[in-house]
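Report on one structure; see the data block that follows.
The values are calculated or read from the model by the stated rules, or taken from the named source; none is laboratory data. Given the structure is predicted, the values throughout are model-derived calculations rather than measurements. Every residue, glycine among them, receives a Cβ derived from its backbone with ideal geometry; neighbour counts consider all protein chains shown. Ligands, DNA and RNA are stripped out before the accessible areas are found, and what is left, the full protein with its side chains, is counted by its heavy atoms. Shrake-Rupley method; radii C 1.70, N 1.55, O 1.52, S 1.80 Å.
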Amino acid sequence: MQCSRVTVSVSLTAPSSSSGCCNPKTFSSNSLPFRPASIRWKSSFRNRNSRMKVSASAQPLTNADQLIDSVETFIFDCDGVIWKGDKLISGVPETLDMLRAKGKRLVFVTNNSTKSRKQYGKKFETLGLSVTEEEIFASSFAAAAYLKSIDFPKDKKVYVIGEEGILKELELAGFQYLGGPTDGDKKIELKPGFMMEHDEDVGAVVVGFDHYFNYFKVQYGTLCIRENPGCLFIATNRDAVTHLTDAQEWAGGGSMVGALVGSTQREPLVVGKPSTFMMDYLANEFNIQKSQICMVGDRLDTDILFGQNGGCKTLLVLSGVTSLSTLQDPKNKIQPDFYTNKISDFLSLKAATV
């Protein structure tokens, strides 16, 4: 069945380089604070604050073979699709094995920036899944890849509000950084006349999920963004909640980003889902036609919108954040092509159609 998709079309915004606290303007290679020598793929960023065309209601997945045969590549979100917290969702290994046996390319994309690609590789291994580092794309990697794509000056520094994953990816990309977990124990003593100093060489502030988030980091990042000319404000994602355990939902990276939005009155440049940066990167890296991709995720406003923005087929699984009632709520305007309970339905629905 051919379903119409939600489409989003807006320009990414990036800060002007004329002052430290400035109005955003339309993203282009000529308007970046650091002009790229070349951009190797066409990046048409889109974000959630967009006018959306209402699509037809999502259809329950009834013929898994038909969907599997219609695409070459499956992109899977991780949290809520492959695992919850540190617990593997049932049927995942058998499903991935079946898809590989059919010659499908598998890619795993996560907005969670706490780990690097290498660290995520170890998590897959711990859970008994055979996944290569090249098949994993985390938003920590996307932040470093974005800075490389715009030729971010190597003499500039990156202040990180986030965890080891971002630091490791910045280091691999050759960028100087400060902040991260080491600032988690720092406190500000508010005495009369006290003024907090900051590094004027910081040219970008990257914000991701941070267990060690505190007021010191908020103030330091705020000073860099507002007072350092042309300083970029980059968010790995704006997820409202995340799965730190399988028992409940926890406040996500969007809560940390929101604090900086409030203090700087600036909107961030988002490199994770639903921005199309990672989709464009993947299509370029693997030479994939986007029409031959199916995006599988558990979130409407990140995973499904990410796939739709990229022109891919989309499948929502109900094993994570989104419930069937949320999907079918008349107020919900984001409709995937198909929905199902979990990815192992590929096996049962396949058997039912034989």
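With 24 Å as the limit on Cα-Cα distance, the pairs of Lys102/Lys313; Lys148/Lys273; Lys273/Lys333; Lys156/Lys273; Lys118/Lys148; Lys104/Lys313 that go past it are Lys156/Lys273.
Ordering Ile136, Ile161, Ile150 by Cα displacement along the dipole of region 100-184 toward the positive end leaves Ile136 in first place; charges were set at the Cβ atoms of Lys, Arg (+1) and Asp, Glu (-1). Think of a 1.4 Å ball rolled over the protein heavy atoms: region 277-354 then has 37 Å² of accessible area per residue.
Here Lys87 is the anchor, and the aspartates and glutamates within straight C-alpha reach of less than 17 Å, apart from those fewer than 8 places off in the same chain, are Asp77, Asp79, Glu125, Asp246, Glu249, Asp298.
Taking θ as phi - 60° and the Karplus parameters 6.51, -1.76 and 1.60, the scalar couplings of region 123-133 work out to 5, 4, 4, 4, 7, x, 9, 8, 9, 7, 4 Hz in sequence order, x denoting glycine and proline. Note on region 116-166 and region 245-291: Cα centroid distance 13 Å, given to the nearest whole angstrom.
In straight-distance terms, cross-link reach from Lys187 covers every one of the aspartates and glutamates whose alpha-carbon lies under 20 Å from its own, apart from those fewer than eight places away in the same chain; here that gives Glu163, Glu197, Asp199, Asp210.
Please report the net charge: other residues with Cβ closer than 9 Å to the Cβ of Lys217, K and R +1, D and E -1.
Values: positive: Lys186; negative: Asp183, Asp210.
So the surrounding residues net to -1.
Computed with a 1.4 Å probe over protein heavy atoms only, the accessible area of His211 comes to about 110 Å².
Farthest toward the positive end of the dipole of region 229-354, out of Gln335, Gly320, Gln265, is the Cα of Gln335, where the dipole comes from beta carbon charges about the Cα centre.
If you restrict to DSSP beta bridges whose two residues both lie in region 219-354, what percentage is antiparallel, to the nearest 5? Show your work: numbers first, answer last.
Details: 2 of 11 bridges.
DSSP beta bridges in region 219-354 are roughly 20 percent antiparallel.
Neighbours of Phe175 by Cβ distance under 13 Å: Lys/Arg scored +1, Asp/Glu scored -1, total 0.
If you average over every viewing direction, what projected area does the convex hull of the Cα atoms of region 227-354 give, in nm²? Directional mean of the projected Cα hull area for region 227-354 stands at 10.9 nm². Per-residue surface analysis assigns Tyr215 an accessible area of about 140 Å², computed on protein heavy atoms at 1.4 Å probe radius.
Largest first and in whole Å, give the semi-axes of region 148-220's equivalent ellipsoid, each being the square root of 5 times a Cα gyration tensor eigenvalue.
Taking √(5λ) for each Cα gyration eigenvalue gives 24, 15, 8 Å.
Each other residue within a Cβ distance under 13 Å of Lys118 adds +1 if Lys or Arg and -1 if Asp or Glu, for a net charge of -2.
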